[in-house]
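To keep things clear, I will list the structure first and then write my remarks on it.
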Amino acid sequence: IAEAATTSVAQSLAGPIPTSWNNLDELDRLVNHELEIGRVETAVRLLESAYPPGRASWQGVDRLSTLLLHLGEPERARKHLQAVVDVPRPALRDVRLAVCDVVEGRHDEARQAFRRAIEAEPGLFDAHYILAVLEQDDGRAEAAYDQATAAVDGAPNDLARVAAQTLAASVRRFVH
């Protein structure tokens, strides 16, 4: 039974890779389909072919770089993030670049990028929250607490607020 299931899954994953689309809505459906069947790399290749570095919209680059980070490829994500021209919120790009640094273990560079983002956009939840997690992971309870409480204030929804509150509560007892 397991062998038959494995064969069925392998066949569904081995289907043809789409190479063309008529519009961005169709591209989006193709990418979503590839993600639904677990072909993340194929989805990335589709997005990269549609959004070459320097010619992509922020929305396309943001999605592409997020997928690349999930694949563990921060250098490819950084390449696209740095090349995007029309960035509506530069602070958000700084956050995405900082995440690339975190994935690569470059924590000091990540902190600098998060702080640039916070300076440019003081209420940016993403910057405060991810920096709080980084500080917590590095054993810097006071800095983690400060960033987590700032994230609570900038939370875009209840789920984000609860996540930031939980993080703040987890490090509060270690703050001197």
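The values are calculated or read from the model by the stated rules, or taken from the named source; none is laboratory data. In this text, all values refer to a predicted model and were calculated from it rather than measured experimentally. Cβ coordinates were reconstructed from backbone atoms using ideal geometry, including for glycine residues, and neighbour counts include every protein chain displayed. Quick note on the areas: whole protein, heavy atoms, side chains included, nothing else; ligands and nucleic acids left out. Shrake-Rupley method; radii C 1.70, N 1.55, O 1.52, S 1.80 Å.
Figures for the structure shown
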quantity	calculated
Top positive-direction residue, dipole computed over region 12-138 with Cβ charges, set 67, 91, 24	24
Among 19, 166, 66: highest mean-square fluctuation, GNM of the chain, C-alpha pairs under 10 Å	19
Cα centre as origin, Lys/Arg/Asp/Glu Cβ charges: region 26-171 dipole, Debye	360 debye
Percent accessible area from carbon and sulfur atoms, the chain, protein chains only, probe 1.4 Å	52 percent
Mean separation of Cα contacts under 8 Å (6+ apart) over length of region 37-77, as relative contact order %	35 percent
Label selected from (i) 20.7, 69; (ii) 19.1, 59; (iii) 26.5, 100, the criterion being Rg and Dmax of the Cα atoms in Å as computed here	(ii)
Mean accessible surface per residue for the chain, computed with a 1.4 Å probe while every protein chain stays in place, in Å²	57 Å²
